[in-house]
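Have a look at the structure below, then the notes.
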Amino acid sequence: MPPVLQIIDLKDSQATRSYLTKQTLRSWLLTTDHKRVGLLYLYTIIVFFAVAASAAAVMRLNLLTPRGDLVQAETYNKLFTMHGVLMVWFFLIPSIPSVLGNFLLPLMLGARDLAFPKLNLLSWYIFVFGGGIALYALLIGGVDTGWTFYTPYSSTYSNSHVALMAAGVFVAGFSSILTGLNFIVTTHKLRAPGLTWFRLRLFVWSLYATSVILVLATPVLAMTLTLMALERIWKVGVFDPALGGDPLLFQHLFWFYSHPAVYIMILPGMGVVSELIAAFSRKRVFGYTFVAFSSLAIALLGFLVWGHHMFVSSQSVFAGVIFSFLSFLVAIPSAIKVFNWTATLYRGSISLDTPMLYAIGFIGLFTIGGMTGLFLATLAVDVHVHDTYFVIAHFHYIMVGGMVMAFMGGLHFWWPKISGRMYPELLGKMTAIVTFLGFNLTFFPQFILGYLGMPRRYHAYPEQFQVYNVLSTAGASILGLGYVLPLCYLIWSCCYGKPAGNNPWGAKGFEWETTSPPPSENFEKPPVQTEEAYAYPVPSSEPITE
Amino acid sequence: MNQFLSRKIRMIALLAGVFVALGVPADAAQRTSGLWWMPDVASKGGEQIDQLTYFIYYLTGAVFLLTQVVYVYFLIKYRAKKGMRATYSHGDNRLELVWTAIPTAIFIGLWGYSNHLWLDVIHKEPPPGTMQVAVNAYQFGFSFQYPGPSGKLGRSDVKLISPDNVFGNDRTDPVTKEDFQSGVLELPVDKGVRILLTSRDVIHGFYIPQFRIYQDAVPGRTIDWVWFIPNKVGSYELACSQLCGSGHYNMKAPIEVVSQEEFDKWYKQKIAGSAPSSTNASAQSK
């Protein structure tokens with residue numbers, strides 16, 4: 001057959017055969033296709049999100065009354081531990097990297113798959129195994145230490161299934177490390193011809209920065225949880241002073257992982273928002289290199305600020321001063337991103353589709369989350385609000401208002417590519433607005449609660465705090481609606497949505513050049529990058545300069 | 001009780017108000033102070049912390065408003081129109097420099113000022129005549145140990161902490177015998193008090209929002225740098241703010257800030273009541 005005919009033949013077969021065509025259980029469970037693995041992650045984390053969100057719902061209902069009439073104190077402690085552990089390790093950390101990152105990284109790089117496709121599938125199995133252990137620990141009685149596992153309560157005093165839960169998190173950590181490794185190698189080795197580092201999409205930059213943290217920080221968590229479990233099971237004295245250990249050592253080690261983990265949770269969200277802002281304002285992201293390097297700066301500085309979780313822990317007063325300084329520094333790259341996103345809108349051509357609404361929400365809520373961080377970085381002020389609802393509100397503005405909004409925005413943006421079909425746009429927009437309002441009603445009152453002096457992790461509370469708790473619970477029910485709706489209409493759209501076409505948003509990037517849903521090998525022929533990233537149409541008078 | 005009832009009614013009213021999108025502003029005026037924002041400060045130096053809080057609040061508030069106004073203005077002004085194209089821009093290094101330098105300068109200034117508060121107000125040496133009180137946290141409560149007439153607590157060491165010696169008192173020290181214990185943190189107004197904070201089991205928190213004070217109590221160490229001067233007579237509550245178990249939410253101790261005369265009276269009573277076997281008194285004695 002002449003070569004020309006061969007190509008045509010290939011084209012025909014691919015037009016009908018997408019990565020979703022083969023639908024057997026075996027084809028899913030043994031897939032090494034990064035897109036399918038991304039979807040496997042999506043299904044898995046939806047389950048964990050549902051469980052963790054239900055725990056939060058019960059907590060919020062319990063807090064409707066000051067006496068905490070719904071559940072007992074011990075149950076309440078187990079609920080917030082379950083909420084924290086599952087949300088952090090089994091939803092937020094894998095959310096954007098493992099779902100959208102897995103799906104998109106090879107597409108954005110113009111590659112056929114990740115560098116190590118089998119390793120990618122293995123990391124999903126490891127994740128499911130770790131998650132299974134964690135769920136089992138919950139089913140047989142749960143854990144009451146909080147997701148922070150502070151010693152010596154966790155290692156000596158708690159009568160719950162601490163070691164088992166730690167084992168679940170420990171196992172899931174390997175999935176993080178392998179995914180990070182896979183992303184780093186892929187970004188280095190599998191970029192399409194012409195795709196230089198400074199032509200990479202900003203989402204790729206943020207995934208790269210995230211992967212660096214995943215690879216460097218997660219082993220510290222594994223080590224810390226192992227030591228804690230050793231102390232619990234075999235009384236090896238590391239953290240318990242009664243056994244000759246030091247409880248503060250645990251906090252240092254734990255936050256050395258867990259603060260960078262905060263950036264594992266937000267950096268990919270920032271990457272998604274850069275994509276959304278560019279696509280829906282039809283502009284190259286303002287100050288591309290500054291946004292790209294601010295991701296790396298956050299990854300680096302994120303390793304140096306763990307002590308701000310310990311201002312009142314009895315770490316040295318001067319250590320507090322240094323950690324305060326570094327915490328202020330880490331706010332700068334975030335501020336740079338926000339300014340650049342705003343400047344990107346300037347003289348753009350903005351359309352407010354659903355993903356853009358989520359991105360807009362992200363920027364506002366992330367700004368509030370970041371700015372309230374300044375109160376917490378300021379030593380004397382932190383003392384008053386440390387371990388109160390102010391902190392809860394602060395990090396939920398980042399994690400939920402930031403990361404979850406970005407995840408929803410990204411999911412809607414790339415949904416046509418993932419499923420090949422459009423979701424109902426009007427319903428999508430309404431849901432984005434409902435989520436935004438519900439979120440603010442849930443968490444804004446918690447700032448005030450914190451200032452009034454309501455400590456976190458209280459199953460019952462003084463009467464004067466009730467009004468804000470009632471507001472917060474009311475908000476949570478609205479927020480819940482904002483999460484249930486997309487689940488329904490996205491599933492609906494898989495069958496009944498209108499076909500999306502290759503590029504429903506008219507956006508720039510390799511992933512929009514291939515079919516929706518893409519063929520198993522992503523591209524009919526390997527793409528070549530001939531222009532900078534986000535090269536949206538420019539007035540003919542203005543030349544493109546690199 | 002009446003007050004509780006009326007408060008409950010107001011809360012229900014407020015909740016109803018939120019759902020019909022009115023009633024919140026109307027209700028605000030009726031509240032007693034401190035219900036919308038911080039509890040009234042009741043310690044010397046606390047106002048300085050509040051000033052800093054307000055400063056950051058107004059600063060971030062102004063910056064937030066400014067950025068959001070610009071942001072929303074752009075969103076409205078540059079929305080897509082038929083026949084209009086986005087203007088190409090590659091960025092502007094000068095602008096980047098400006099919006100990197102300004103926050104950096106503000107942050108460093110804020111850091112510098114907060115250090116002044118942290119080091120010169122919170123962590124400086126307490127004034128002479130400051131009373132010492134040992135505070136021992138446990139699952140789930142606090143006990144307090146006061147010095148006897150000598151005004152000095154006896155020697156103690158966390159290594160000596162045991163079920164029948166919760167403060168880790170060194171019983172060979174004669175001064176220790178004069179110490180007495182209390183279940184209430186009774187404090188004279190306008191007088192410095194330094195806390196020697198220990199825990200006998202897990203990590204607890206020593207949190208008094210009205211005094212703007214919080215310090216973790218960590219087993220295995222005595223924390224001796226927390227001090228404050230309560231300056232308003234009244235009843236307060238010491239709360240645990242570090243998760244310590246199922247009774248965490250209920251781990252509290254009363255604080256009474258009283259006049260010097262009242263304190264002296266209480267102190268004399270306590271000394272007379274516990275003279276013979278003060279050091280053996282049970283920690284849970286109220």
Matching residues in segment B:88-118 (under 24 Å from residue B:216 (Cβ atoms) and touching a Leu at 6+ places or on another chain (Cβ under 9 Å)) number 5
Over segment B:58-105, the set of residues buried (at least 18 other Cβ atoms within 10 Å of the Cβ) and farther than 21 Å from residue A:286 by Cβ is B:60
Checked A:179, A:156, A:186, A:196 against criteria (open to solvent by 10 Å² or more (accessible area, probe 1.4 Å) and under 25 Å from residue A:213 (Cα atoms)); the one match is A:196
Residue hits (segment A:199-213; open to solvent by 10 Å² or more (accessible area, probe 1.4 Å) and part of a helix (DSSP H, G or I)) are A:199, A:205, A:208, A:212
Selection from segment A:231-288 of residues within 22 Å of the chain's Cα centre (by Cα) and assigned to a loop (DSSP other than H, G, I, E, B) yields A:285
For strands (runs of 3 or more DSSP E) lying entirely in segment B:146-238, having 1 or more residues that are closer than 30 Å to residue A:448 by Cβ picks out B:185-188, B:193-199, B:204-208, B:213-217, B:223-228
In segment A:368-399, anything touching a helix residue (DSSP H, G or I) at 6+ places or on another chain (Cβ under 6 Å), open to solvent by 10 Å² or more (accessible area, probe 1.4 Å) and among the β-branched types (Val, Ile, Thr) is listed as A:368, A:372, A:392, A:398
Worksheet item: If you check residue B:246 against the conditions, is it outside any strand (DSSP E or B), within 16 Å of the chain's Cα centre (by Cα) and within 18 Å of residue A:457 (Cβ to Cβ)?
Response: no
Restricting segment A:413-437 to residues that are under 23 Å from residue A:518 (Cβ atoms) and of a type in the set (Lys, Arg), the one most open to solvent (accessible area, probe 1.4 Å) turns out to be A:421
Check: Going by the structure shown, is residue B:278 more than 8 Å from chain A (Cβ to nearest Cβ), open to solvent by less than 20 Å² (accessible area, probe 1.4 Å), at pLDDT below 95 and more than 27 Å from residue A:457 (Cβ to Cβ)?
Finding: yes
The residue that is farthest from residue A:407 (Cα to Cα), considering only those in segment A:473-489 that are within 14 Å of chain B (Cβ to nearest Cβ) and among the hydroxyl-bearing types (Ser, Thr, Tyr), is A:473
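Yes or no, residue by residue, for (1) surrounded by fewer than 24 Cβ atoms within 10 Å (Cβ to Cβ); (2) within 20 Å of residue A:363 (Cβ to Cβ):
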position	(1), (2)
A:249	yes, no
A:255	yes, no
A:260	no, no
A:269	no, yes
A:272	no, yes
A:281	no, yes
A:285	no, yes
A:301	yes, no
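The values are calculated or read from the model by the stated rules, or taken from the named source; none is laboratory data. None of the values given here were measured: they were computed from a predicted structure. Every residue, glycine as well, gets a Cβ built from its backbone with ideal geometry; the counts of neighbours run over all protein chains shown. Side chains included, ligands, DNA and RNA excluded: accessible areas come from the protein's heavy atoms. Shrake-Rupley method; radii C 1.70, N 1.55, O 1.52, S 1.80 Å.
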